[in-house]
Amino acid sequence: MIYQANSLSVQYIEHHIAVLTFHATDGVNKLNQQTLHDLKLALTALKNESELTGLIVKSHHPDFIMGADITEFLSLFSSPEETLDQWLQDANAIFNQLEDLPIPTVSILQGYALGGGCECALATDFRIASTKTTIGLPEVKLGIMPGFGGTVRLPRLLGTDTALELITTGKHLSADQALTLGLIDATIKNDYLLTSAIQLIQQANNQELNWKARRYTKQNPVPLSPTEQVMTFTTAKALVAQKISPHYPAPFTVIKSIKASINLKRDPALDIERQHFLKLTQSSTAHALIRVFLNEQYLKHRAKSYANSTFTSQHSAVIGAGIMGGGIAYQSASKNIKVILKDINTSALEQGLTEARTLFKKQHDRGRLTAEQFAQSFSRITALSEDRCMSDIDIVIEAVTENPKVKIQVLKETEAWITSKTVITSNTSTIPISLMGKHLTRPEQFCGLHFFNPVHRMPLVEVIRGQQTSENTIQRAVNYALQLGKSPIVINDCAGFFVNRVLFPYFAGFMSLLEEGADFQDIDRVMEKEMDWPMGPAQLLDVIGIDTAYHAQAVMAQSYPDRMQKTAINALDILFEQQRWGQKTELGFYRYTTDKKGRLIKHIDTNNPIVFSEKTKAFSTQEIIDRMMIPMMNEVIRCLDEKIIATPMEADIALIYGLGFPPFLGGVFHQLDQEGLVQYQTRTAAYHHLGKLYDVPQSVKDKIKQSETYYPSPRAGEQL
């Protein structure tokens, strides 16, 4: 044994070839500070081995290296800049040490080789991979950029254009894609990886492969003429600007860094990378996106704590077809769960089947399903227009119109034809589960299962616990959502639950602005362009359905009359009365047409009746943002205070997954911590005259007195 530590070890095998094996004790290799320290000592030990002829770097676990340890990032990024700078210098010195070993080196890749894992592999001379390998530099998705030499070595290995595309998009590559681009040298079956690596080193030592020339290329300037450089970076900047909002500076910084370092040798080029990396670590976007990542991990952990593998669903039923029911049926069938799609309205039933068929066809057209798989998947859906007892149904999802009387009637009828073992759920978006549960004979086996439209794209599912819902029912509902590939969050019962409860104050702010003469197109523009919402409130209401929002508005007004009660007829009422129900009728706030690919195209409608004053009033960008966002933020705080949602982590990720809340803000609680509660309270004071929606909850004032935040402040070296 040449070197031994908890995270890795080095030993000789044959022909004086050494193998450096990563074997983190928790089963997942990450480049945290301890592992980097161990790697440095291991490489130092190797440098002193006089008989060494080659080095193979591999993993004992199914994945090579998942990247740097994200749990350390927020604490590291909050350290003094000189501390962070030294950390980067030390890390790069370690990878340079690997690259500068006086013998040929090979990485064996399998599973994931991402971020720092990819950069570690780039420091070796050769890379071979199993056919199931996924490799890439996804750092921009965390608001940062590669910091262990990725922006230096990848352009020199693959060419600047290819490297810019991969790094600015954070794209993951399959083994075949990486082989085609030249990122890896061969794909090999797992059983032959080590043997192939040994042969590769022998070929290099026998001068059959010029490993020194490969190394020279990675350590010297990229041979691009000035004209080629201008074209390359101008094109890259234009392409990124088309796809990426200015709120996400990392891709733009990657371009600047590579442009500044492309004519330099390795070490000064690494200095350029480090300077740009440091700048990004201080950006609010990086802190927000890392918080989002950590919250995603927390959510997965919470879901697993509820789930129980003994509750796997084999057969489901969706009551109420249409677009939503068809979407849920598609999602079930696509995950190998048989599903009955039931509706007494044959036209709605056909619409639901068409929706599912269309979604499967899109998968087929994209090459993700063969014709046989298409047919098999769609055959898992059975259409039904009548009641009948079904003993093999594990879970039922009621998805009829958002009307309490209709839903209760359907739920009662459904309970009569299912067995006592079946869990019954409602896909209601606002109606309290406990209210509906009172009308059932088995309320303990009833809960909410709130999907978001379009079902196949939206990751969030709210699992709502009613007053009498059993823990067994919650576990089965969570398991079903996980089977569908969704991210379930368990919510306590109230009108609107969490996502819609906080959405309607946002809409109330919108209606208030319209009543005062604001132009809804201006509001949409501000929320889309300045705040980076996927769509503005007017278009979002058209997508939800004006009729659905109209009924939900009534439920919310009745449930929270002190702050959500209407004082006059609003835009939603007017559009509803004129049956301008949004995209479903091709008329709402906007007019919609369908292009050749079946996509809805938004147009300005000159016949829109939403005019509240002869003279439109102009509002500043900040005032529009404040009047839209403050009601939502206050309601999110109330939901945490009332334990409707359990933690700030779940609240923030639910907003992003369920509403498209701008990720660069990290979520409401992250945003509040970043702004500061005192500053937030001051900002809201200008709007108190607009009513209780704009009143800061008492809990905020209490936190201010106690100098508390919603998330703990990271400390250097702390595992978050």
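Helical content of the chain, expressed as a calculated mean residue ellipticity at 222 nm, amounts to -15000 deg cm²/dmol (DSSP H runs of 4 or more residues, -39,500 (n - 2.57) each, divided by residue number, nearest 500).
Here the relative contact order of region 54-185, from alpha carbon pairs under 8 Å that lie six or more residues apart, stands at 25 percent.
Screening the chain for DSSP H helices whose Cα atoms reach 15 Å or more along their own axis and whose mean Kyte hydropathy is at least 1.6 gives nothing.
For region 352-456, trypsin sites (Lys or Arg not before Pro) meeting the loop criterion (DSSP other than H, G, I, E, B) and having at most 14 other Cβ atoms within 10 Å: 366, 368, 388, 421, 438. Here the simple spin-label model places points 7 Å from the Cα toward Cβ, and for residue 271 and residue 217 these points are separated by 2.7 nm.
On the beta carbon distance between residue 89 and residue 525, with R0 = 35 Å, the FRET formula returns roughly 0.20. Loop-located GluC sites (Glu not before Pro) in region 495-582 (DSSP state not H, G, I, E or B) with no more than 16 neighbouring Cβ atoms inside 10 Å: 516. When Rg and Dmax are taken over the Cα atoms of region 331-440, they come to 15.6, 48 Å. Take every pair of alpha-carbon atoms less than 8 Å apart whose residues are at least six positions apart; their mean separation over the length of the chain yields a relative contact order of 10 percent.
Within region 264-345, count lysine pairs with alpha carbon atoms under 24 angstrom apart where the residues are 8 or more positions apart or belong to different chains. For region 264-345, qualifying lysine pairs total 4. Averaged over residues, the count of other Cβ atoms within 10 Å places the peptides 429-435, 174-180 in the sequence 429-435, 174-180, highest first.
Stretching residue 82 away from residue 165 to a fully extended chain increases their span by 26.8 nm, per 0.36 nm per residue minus the current alpha-carbon distance.
In a DSSP loop and with at most 15 other Cβ atoms within 10 Å, the trypsin sites (Lys or Arg not before Pro) in region 134-197 are 171, 189. Solvent-accessible area per residue in region 270-398 equals 46 Å², computed with a 1.4 angstrom probe and all protein chains kept.
Just for region 434-519, what percent of DSSP beta bridges are antiparallel, to the closest 5? Of all bridge pairs located within region 434-519, approximately 40 percent are antiparallel. Compute the Cα gyration tensor for region 43-183, then decide on rounded, prolate or oblate, letting a ≥ b ≥ c be the square roots of its eigenvalues: rounded whenever a/c is under 1.5, prolate when a/b is larger than b/c in the other cases, and oblate in all that remain. Oblate is the answer for region 43-183, as a/c is 1.5 or above yet b/c matches or exceeds a/b. A crude spin-label estimate for the pair residue 50 and residue 604, with each label 7 Å from Cα along the Cβ direction, gives 8.3 nm. Within the chain, antiparallel bridges make up roughly 30 percent of the DSSP beta bridges whose residues both belong there. Each label point was placed 7 Å from the Cα along the Cα-to-Cβ direction; for residue 705 and residue 562 their separation is 1.8 nm. Based on the Kirkwood approach, the hydrodynamic radius assigned to the chain is 28.3 Å, with every pair of different Cα atoms included. Straight Cα distances below 24 angstrom link residue 58 to the lysines 30, 40, 47, 132, 171, 189, 212, 218, with same-chain residues fewer than 8 positions distant left out.
Computed over region 147-188, the P(r) curve from all C-alpha pair distances, binned at 10 Å from the origin, holds 29, 59, 12 percent per bin.
Annotation: peptides 589-600, 495-506, 265-276, 546-557, ranked by per-residue average of other Cβ atoms within 10 Å with the highest first, follow the order 495-506, 546-557, 265-276, 589-600.
Mean separation of Cα pairs under 8 Å and 6 or more residues apart, divided by the residue count, gives region 384-479 a relative contact order of 25 percent.
With +1 on the Cβ of every Lys and Arg and -1 on the Cβ of every Asp and Glu, and nothing else charged, how large is the dipole of the chain about its Cα centre, in debye rounded to the nearest 20? For this selection, approximately 880 debye.
Accessible surface of the chain, 1.4 Å probe: 50 percent of it comes from carbon and sulfur atoms.
The values are calculated or read from the model by the stated rules, or taken from the named source; none is laboratory data. As the structure is a computational prediction, the values presented were derived from the model and not from experiment. Reconstructed Cβ throughout: ideal geometry from the backbone, glycine too, with neighbour counts over all protein chains shown. These accessible areas exclude ligands, DNA and RNA; they are computed on the full protein's heavy atoms, side chains included. Shrake-Rupley method; radii C 1.70, N 1.55, O 1.52, S 1.80 Å.
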